[in-house]
Structures are given as C-alpha cells and as structure tokens.
Amino acid sequence: MGSRKTGQFVSHVFAYLLGALMAKVDQVIRFMRQLEEGYDYTKYEMPVGRNFLKPGASTQGRMGTFLADDDEEGDEWLPDQPETFIPTGMPVATVLPPMRTKGHTRSFVANPRTNRAVSCASTLERVCALSLIANAQVDEIEDQPASLYVGEGDDDLPASHRVDYRAVVGDKKLKVAMAVRPSSQITKAGLAAMISKINQGFLDGFADEAVILTERELTPALGWNSKFIIRSLRGRNEDDCTQLRDRLRMLYGWINIRTLIQGMQSASGWNAVMCLIFDGVLIPFRRDVILPDCPVVSVNHTALELSR
C-alpha cells in the first residue's frame, strides 16, 4: 500500500514539473515569435511602481438603487435614491454538482453580466462556462437544469437525463442544451445515443437542440481567452474603450495589438481590447490560440458604428 502511494506521489510531482517546464517552453517560443515580429520587450525600460486598472463599476457584485419611502417618520435624512451593494448571487442550478469527484472538484464562475455564479463540476465544464459568459451572443445561462424526460428505461420505469448547461443564443433566442464530457467517456456512458434520442422528440419546450461538447471544442486556448475577457469586463473602463474606438475608425485590415494600444497604459490598453472583442468591434486573427501568442486583430466597422 505504501509503495502505491509513493508511486502516485512521484507521478504527481513528475506531472507538475513537466507542466512547469512546458510553461517555460511556451514563454521561450512566444519571445522568439515576438523577436521575429520586431518586438523586443527587453529594450524597453522596466516599469517603476504599479499601475492599476480604473474600472467604471464595482468589480465584485454590483451597486443597486432603490426608492426611499418619504412617508415614514424619522427617515427624512435618507437620500431619495440610496445605493446598496448587491453581492454575486447563487447559481440557478436545480442541483449543485458533487463537492468532489475522482479527478475534479466543484467550482463556481462569477458572471459579471448577470451578477450570478455559474457552477462547474469539471475542468471541461469550467471552460464551457467561461466561454458562454464571454460570448456576447449568449443571453442566458442555466447550469444543471431540470432533468429531461426521455421515455421509459429497460425496467419500464420513466427515465430522465440531465444536461450540464442550457443557453439562449443569438437574436433568434435559440435554446441549446449542452452535455459536456471528455471524448473518451462518450461511448462508455452511452451519451451519444442519449443525445440522439433526446433530439428525436424529447426537446419540446426545453430546448431547440441538444449537443455534446468535448475537449475538441472546449480547448485550453478557448478557456484562457474567455477568462481574459471576463476579467476585462469586470474591470471595464468606458473612457479607455472610447479612446480605443476613436483609433479604429480609419483602420482596415489586420493590426498588431501592441501597435494599436501605443500611448496607452499597457494594462488599460489590453483591457480595452478584450472589452471590444467582447462587443464584436475587434475580431481576433486566430481563436484557436491564446491572444498573446497571436496578438493580431481586425475592425468590424459595422459593430463599431453601432457601438458609438
């Protein structure tokens, strides 16, 4: 028993060291790519002190106003529209995921757009939640919705299946039910047959379509970029976004982000870029890699005019 635990410990340490080494390799590759693009950050002066973002609203929760009742005696000192802090709300899930599974632990992602948390039961579900929150075309996100009736099982008893997420997408308000699983577990769990059965006649009133999402769609790059967008939305500053929009009016074609934000404080510039990507004003050249590895964008002038 002791040798087994020792072997597991050694394997975990090896995986950690390998991950740290690959992170360093990625940094070296990124630096070499930047040199090829003519950008060498070692030639710039090191920043002195710290630069902080200046968000236009609360980064955690939100501030809400309510009308004061002037008829109550002794409340004359209250303002007409007092403000109160509203913390991030609990998920709307009908059931929370397990506290811990064999390889994952339960987590929550705060949605700054709705001021409500979204639950996740695995790494893939976390990437899915991040990508849904960071997509401006997604209006509503429901995690762990109610179980869906799928007919009778082998024992002639009513059978049901619970998908991981349900989202309302696009102008047509398309409802999409999403089952998130690693590709290696789809056949084993019979998920493909279940989703096919659901799509054949058990979606009435629940969703327009049910899909399966695996690590092929929910990539680490998608999760990284989505998390970057969510952080930027949390620290959004409209003055920085307006300043960046003014630079985009006469820009056509592809442009490097470092060139685009010259003259702006670096953190504020990148934060504004991610906010405009969320707004659809800026379009990344590649979405299958993290943005710093390919910091090239183009301008959607239609969205730019609509956002003014």
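No value in this document is a laboratory result; all are computed from the given coordinates. Everything numeric here is computed off the predicted structure, so don't read it as measured data. Every residue, glycine among them, receives a Cβ derived from its backbone with ideal geometry; neighbour counts consider all protein chains shown.
The label-point distance for T65 and T242, in a model that sets each label 7 Å from Cα toward Cβ, rounds to 1.9 nm. Of the residues V25, V169, V273, V211, the one with the fewest other Cβ atoms within 10 Å heads the list, and the complete ranking is V25, V211, V169, V273.
Could you work out the Rg to Rh ratio of region 107-213, with Rh taken as the Kirkwood radius (inverse of the mean 1/r over all Cα pairs)? So for region 107-213, dividing Rg by the Kirkwood Rh gives 0.98. For an R0 of 22 angstrom, estimate the FRET efficiency from the Cβ-Cβ distance between V25 and R287 and round to the nearest 0.05. That pair, V25 with R287, gives E of 0.45. Extension gain, R216-F85: 0.36 nm per intervening residue step, less the Cα-Cα distance, totals 43.2 nm. By the count of neighbouring beta-carbon atoms within 10 Å, fewest first, W254, W224, W270 end up ordered W254, W224, W270.
In the calculated pair-distance distribution of region 237-307, the portion above 15 angstrom amounts to 47 percent of the Cα-Cα pairs. Here the contact order of region 237-307, divided by its residue count and restricted to Cα pairs under 8 Å and six or more residues apart, works out to 37 percent. The label point for F14 and the one for R249, both projected 7 Å from the Cα toward the Cβ, are 6.1 nm apart.
Note on D139 and Q200: the model spin-label points, each 7 Å out from Cα along the C-beta direction, lie 3.2 nm apart. Computed from the Cα positions only, the extents of region 183-308 along the three principal axes stand at 55, 30, 28 Å, in decreasing order.
For a Förster distance of 35 Å, can you work out the FRET efficiency between the beta-carbons of M32 and A189, rounded to the nearest 0.05? E(calc), rounded to 0.05, equals 0.25.
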